[in-house]
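Values in this text are rule-based calculations from the coordinates and carry no lab data. Just so it is clear, the structure is predicted and the values come from calculations on it, not from any experiment. All Cβ positions, even for glycine, are placed from backbone atoms using ideal geometry, and neighbour counts span all protein chains on display.
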Amino acid sequence: MKKNMIIVALVFAIPLIAFAVLNNANTTTAKTSVNVEQKTDDLIAMGKPQVIKFSSAMCLDCQTMNKLFKEVFPKYNERIVLTEVHVQDGNAFTGELIKKYNVTLVPTMIFLDSNNRQVKRIEGAIEKSELEGYLKGLK
């Protein structure tokens, strides 16, 4: 009888613990995104081009694009600002960006020139060479 009660308690406790841990991780990500956004606004004033990347942790194409950006973007880190927006954050700032750029699909990448004008919009995953070409052409 005691063994059964322990098993029942674990069946209920494990999902609750997992939810709490995952929810805490999402909250931390949201805070990081807001800080990145605030820094980005300062850099836009300095006249740097920007890439805004909308993604989700549950999206396989987003994970592919994250790997590509980690591989390709360090070359452009000094002259282009990368802003990562996690659409599942749930904070107001993320919602405003989603509305502003009319994001309905992830991954979506918005390329802004140094005057903060949108020059390119990509929805879905792209090849490495294509991404490099867009980053090279961004001024």
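Some notes on this structure:
- The GluC sites (Glu not before Pro) of region 75-139 that meet both conditions, a loop assignment by DSSP and at most 12 other Cβ atoms within 10 Å of the site Cβ, are E78, E127.
- Loop-located trypsin sites (Lys or Arg not before Pro) in region 58-137 (DSSP state not H, G, I, E or B) with no more than 16 neighbouring Cβ atoms inside 10 Å: R79, R117.
- Full extension of the chain between K75 and R117 yields a length gain of 12.9 nm, computed as 0.36 nm times the residue separation minus the alpha carbon distance.
- Built amide H within the under 5 Å cut-off of S114, gap 5+: K139
- Label-to-label distance, nm, for residues given as K67 and K136 (7 Å Cα→Cβ offset): 2.3 nm
- Set K75/K100; K75/K139; K67/K128; K75/K128; K70/K100; K53/K120 screened for pairs whose C-alpha atoms are more than 21 Å apart: K75/K100; K70/K100
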